[in-house]
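Worksheet: the structure to be examined is printed underneath.
The values are calculated or read from the model by the stated rules, or taken from the named source; none is laboratory data. If you're wondering where the values come from, they're calculated on a predicted model, not measured in any experiment. Positions of Cβ are generated from backbone atoms using ideal geometry, with glycine treated the same way; all protein chains shown enter the neighbour counts. We work out accessible area using only protein heavy atoms, side chains counted, and drop any ligands, DNA or RNA first. Shrake-Rupley method; radii C 1.70, N 1.55, O 1.52, S 1.80 Å.
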Amino acid sequence: MQKPWAGRFKESTAPFIEEFTESISFDWQLAKFDILQSMAHVRTLERALVLTPEESNTLLTGLERLLKKLEDGSLVPDKSLEDVHMNIETALTREIGQLGKKLHTARSRNDQVVCDLRLFLKEELSNIINELKLLRQRLVLLAKEHINTIAPSYTHLQHAQPIRLSHYFLAFREAFLSDTIRFINAYKSSDVLALGSGAVAGVDFALDRFYTASLLGFNKVSKNSIQATSDRDFVLDALYACAVCGMHLSRMAEDMIIWSSQEFNLLELPDRLCTGSSIMPQKKNPDVLELIRGKTSRLYANLLSVFVLLKGLPTAYNRDLQEDKEPLFDSLKTTLDCIRALNLSLEGAKFNVNRLYELSQDLSVMTDLANYLVKKGISFRDAHEIVGNLCAKVIDSGISIKDISLSMLKTLSEQFEEDALELLNPQKCADARIAFGSTGISVLERAIENAMREEGIS
Ligand code: ARG
């Protein structure tokens with residue numbers, strides 16, 4: 001196939017170099033957006049009197065036919081045509097004849113590729129934002145369901161202080177909310193029209209770029225053609241949002257992996273989300289969660305890969321920029337899939353409510369006992385020491401927290417009274433935490449109510 005740029009060349013491209021330089025094997029994903037931007041471009045050319053209304057009509061009809069063919073699968077890319085832009089233009093000329101060659105007036109692939117990518121990103125980021133909302137809704141519903149589940153919280157993976165399990169779910173809801181804000185910001189930085197910048201210096205036709213922007217639904221128009229064609233900050237913004245979100249997904253997945261182990265036994269995953277071992281008949285492995293954790297590494301790598309790609313580029317467009325696409329496509333798909341996978345895992349997980357309660361009945365209530373003494377006028381440091389001695393006694397004698405008696409407490413401090421024993425109850429301990437943002441029931445109930453309203457759950 002003759003290349004659209006072949007005019008100044010005396011020999012055809014070497015076959016290996018064709019393979020080496022092509023991007024059609026991955027940028028065909030942009031085909032729909034390449035057609036849509038071409039339609040807006042035609043209408044802008046007509047408005048600028050570069051195309052007659054008849055020409056514009058024929059071009060638009062041809063592009064509409066291509067869109068239909070793309071949808072029904074009959075428009076397929078031609079490998080020898082390098083990239084999606086050449087493919088769509090050539091397909092149009094095949095569809096409507098020589099007039100198709102006018103499509104590329106006042107346009108370069110350098111502004112074209114940015115325009116496609118920005119349109120594509122806006123759609124993909126919207127999908128991720130929607131999927132994240134479903135995940136947050138799931139977490140809020142779990143928080144509501146588990147308002148009466150008392151559980152240990154961990155720091156250093158050691159029992160720390162008792163909580164209501166709702167507090168844990170709402171913690172991740174907060175994390176995914178901050179991810180959502182990052183994705184919305186990434187959406188905003190994508191929401192800029194670059195078309196009409198040409199190869200680098202702008203275009204020598206009086207294109208109304210604001211009209212193009214309104215046709216394509218862009219909120220802003222780029223202000224400098226050099227920056228418009230060389231800028232990939234919007235790609236970095238999306239990749240960064242994916243990387244941070246992946247980190248959150250991975251951390252929750254890691255918790256669930258540990259919690260589902262025999263030693264923890266705090267949750268059971270449904271069979272439909274687990275796989276077995278080819279050798280050990282008894283195995284049921286949490287592969288889905290492990291893959292969420294594993295795939296997060298690509299999200300970091302993709303961000304780093306584009307960072308490195310950009311740092312030494314001479315301004316403005318360089319072919320290196322073609323390498324932004326695969327990491328971006330991969331991160332967007334991986335993030336969307338991982339959000340779905342975590343949501344399914346949470347949907348199917350059965351939390352072992354009784355065991356969570358049992359485990360929280362331990363020394364993790366001791367901070368409260370120390371504070372009891374503080375309220376009686378003892379300094380926190382001394383109280384810490386006294387209660388530390390109690391812990392050592394309990395551990396050495398192997399008794400349970402339920403067996404701690406008032407006389408035992410009295411041997412450590414005369415300040416202990418009957419009401420100190422009530423603090424050994426983990427639920428009391430959790431509910432004593434009443435400051436905004438804490439796990440106490442009064443605060444949590446309000447937090448859940450607010451979250452339900454914010455997430456549109458009735
Ligand atoms: N496939 C190229 C890319 O993704 C399209 C732009 C090519 N422009 C050029 N002047 N060679 O970046």
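Calculated FRET efficiency, E11 and S74, Cβ-Cβ r, R0 35 Å, to nearest 0.05?
Calculated transfer efficiency: 0.55.
So what's the angle, to the nearest 10 degrees on a 0 to 90 scale, between helix 233-259 and the longest Cα principal axis of the chain?
30
Cut-off under 27 Å on the C-alpha distance; same-chain residues fewer than 8 positions from K188 excluded. Which lysines are left, in chain and number order?
Of all the lysines, those that pass the test against K188 - Cα under 27 Å, at least 8 places apart if same chain - are K32, K122, K133, K220, K223, K295, K311, K325, K333.
What ratio of Cα Rg to 2.2 N^0.38 Å holds for the stretch 46-141?
Cα-based Rg divided by the globular estimate yields 1.45.
Averaged per residue, what accessible area in Å² does the chain show with a 1.4 Å probe, protein chains only?
Result: 50 Å² per residue.
Between S397 and E254, how many nm apart are label points set 7 Å from Cα along the C-beta direction?
3.9
Report, in degrees rounded to the nearest 10, the 0 to 90 angle that the Cα long axis of helix 325-348 makes with the longest principal axis of the chain.
The angle comes out near 40 degrees.
Let me have the 222 nm mean residue ellipticity of the chain computed from DSSP H runs of 4+ only, each contributing -39500 (n - 2.57), with the sum over all residues rounded to the nearest 500.
Mean residue ellipticity, 222 nm, calculated: -20000 deg cm²/dmol.
Looking at the chain, which longest stretch skips every one of the GluC sites (Glu not before Pro) that is in a DSSP loop with at most 14 other Cβ atoms within 10 Å, leaving the sites themselves out?
No qualifying site falls inside 12-262, the longest such stretch.
Within straight cross-link reach of K375, meaning Cα distance under 21 Å, which lysines are found once same-chain residues fewer than 8 apart are removed?
Once the sequence-local lysines are set aside, what remains near K375 is K410, K428.
Taking the Cα centre as origin and putting +1 on Lys and Arg beta-carbons and -1 on Asp and Glu beta-carbons, what dipole magnitude results for the stretch 197-311, to the nearest 20 debye?
200
Tell me, what is the percent relative contact order of the chain, built from C-alpha pairs under 8 Å that lie six or more residues apart?
16
Could you pull out every residue, at least 5 positions away or on a different chain, whose amide H is within less than 5 Å of the one on A160? Hs are placed 1.01 Å off N in the peptide plane, and Pro or chain starts have none.
Those lying under 5 Å, H to H, from A160 are S153, Y154, T155.
Please work out the Kirkwood hydrodynamic radius for the stretch 377-458, using every pair of different C-alpha atoms, and report it in angstroms with one decimal place.
This gives a value of 15.3 Å.
By how many degrees, between 0 and 90 and to the nearest 10, does the Cα long axis of helix 287-311 differ from the longest principal axis of the chain?
Here the helix axis deviates by roughly 50 degrees.
In a Debye calculation with equal point scatterers on the alpha-carbon sites of the chain and no solvent, what is log10 I(q)/I(0) at q = 0.11 Å⁻¹?
-0.94
Quick one: dipole size for the chain, taken about the Cα centre, charges +1 on Lys/Arg Cβ and -1 on Asp/Glu Cβ, in debye to the nearest 20.
Dipole magnitude for the chain comes out near 640 debye.
What whole number of Å gives the distance from the Cα centroid of the stretch 290-330 to the Cα centroid of the stretch 118-170?
28
Return the aspartates and glutamates within reach of K79: Cα separation strictly under 12 angstrom, same-chain partners fewer than 8 residues apart disregarded; answer none if there are no such residues.
E18, E19, E22, D27
So for the stretch 151-292, what are the equivalent ellipsoid semi-axes in whole Å, largest first, each being the square root of 5 times an eigenvalue of the Cα gyration tensor?
Semi-axes, largest first: 49, 19, 12 Å.
Let me check something: with ligands and nucleic acids excluded, how do K102, K220 order by accessible area (1.4 Å probe), largest to smallest?
From most exposed to least exposed: K220, K102.
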